[in-house]
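For reference, the structure discussed in these notes is given below.
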Amino acid sequence: MTIISQNRVPDALPDFRNLGTQVRILLAINLAILMAALTCSDALRDLANTFTAFSTVAQPTMLAAMLCLAAINEPLHRQSYSNGVLIVLGSTALICAIGAWVFGDPTIKVSERIIRALLYGATSSGVLLNYFYLRNRALSPALAEARLQALQARIRPHFLFNSLNAVLSMIRSKPRVAERALEDLADLFRVVMADNNQLSSLKRELELASNYLAIEQLRLGERLQLEWHIEKAPLQAKIPPLVIQPLLENAVYHGIEPCETPGIISINAYRSRNEVHLDIRNPFSPDDGKHHAGNKMAMGNIRERLALFFDAEASLTTTVGSNYYQVHIVLPYRE
């Protein structure tokens, strides 16, 4: 298992195109508007009118600022963190000033409206950036890294021992097959033991999954049958590392091993609009409840990884049929 990195967590701007980021900004700004309305209202009955009056100026300005930041999201992330913060503060303040000039109270001088808007825009964006900075620190320290690496280390010891025994049994009779299996095993453990805190390509993860299943087929033989549906897979898409392989390991352990008859594992990957879909289906026997007990913990771990990488934009759902178990993952499409 990789030693937990003790390096300083790199500072990074939030992803302004991420749904979770946008929802948090909307909630924070509306909460600020509500607090301002409570402060300025003479009575509670005037709260709704005051909130509406403030929202008339703040909401269009806020949406314009969010659209602007989403549009320049990629160039922003190519800047250093300090330069990116300055750009966000400056662009937000400028948009707020324009909004105050267009939508502001005409009874107040234009210059005063603009100065107030500049201060409000810079202050509110600064507070939000500090919130996302602290949130990034909370999600990225050694504890979160340890959770990721704990999932990476989930390859079960019995898989390693059984694989080595399968290779040993064919070293003399099928030396080339044994050599290839050892190469696949080395590739698999090289990735598992790496510091996998960056996104990987779908192509690389499918190759890793294929290597893993090739090793399992050595010991399971015809009991393990595969159906690959990856003709429409966006191979350049970025996904969290080691998400597919643990799901396939679950499929083998919980779906194939308990069955005396051959079973099929189906792997389906495709793109729909701006989303990447991953489907894994394996046989399921409802009578073997003890063997399926570990699924809930595995799904919880993978959901946590998806949330760490993609926040609210990723999801994992499971379906239990009469004779199958299916996992469906939806990720935002990123190249």
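The values are calculated or read from the model by the stated rules, or taken from the named source; none is laboratory data. A quick note: this is a predicted structure, and the numbers were derived from the prediction, not measured. Positions of Cβ are generated from backbone atoms using ideal geometry, with glycine treated the same way; all protein chains shown enter the neighbour counts.
For region 253-267, the set of residues classified as surrounded by fewer than 18 Cβ atoms within 10 Å (Cβ to Cβ) and either within 28 Å of P234 (Cβ to Cβ) or of a type in the set (A, V, I, L, M) (or both) consists of I264, S266, listed by residue number. Taken over region 224-238, the residue count meeting the criterion of being part of a loop (DSSP other than H, G, I, E, B) and among the charged types (D, E, K, R) is 2. Whenever a residue of region 179-190 is over 19 Å from S169 (Cβ atoms), its partners that are among the aromatic types (F, W, Y) and in a helix (DSSP H, G or I), lying with C-beta atoms within less than 8 angstrom and at least six residues away or across chains, give the pairs L188/Y212.
Among the residues of region 309-317, at least one is hydrophobic (A, V, I, L, M, F, W, C), part of a strand (DSSP E or B) and modelled with pLDDT of 85 or more. Restricting to region 171-195, name every residue that is at pLDDT 75 or above and in a loop (DSSP other than H, G, I, E, B). Hits for region 171-195 are I171, R172, S173, K174.
For first residues located in region 314-330 and closer than 14 Å to M299 by Cβ and in contact (Cβ under 8 Å) with a residue 24 or more places away in the chain, partners that are of a type in the set (F, W, Y) and part of a loop (DSSP other than H, G, I, E, B) and lie 6+ apart or on another chain with Cβ distances below 9 Å form the pairs V320/F284; Y325/F284; Q326/F284.
The residues in region 232-268 that are closer than 16 Å to N211 by Cβ and in contact (Cβ under 8 Å) with a residue 40 or more places away in the chain can be counted, and the count is 10.
Among the residues of region 17-71, just one is surrounded by 15 or more Cβ atoms within 10 Å (Cβ to Cβ), outside any helix (DSSP H, G or I) and not polar (S, T, N, Q), namely R17.
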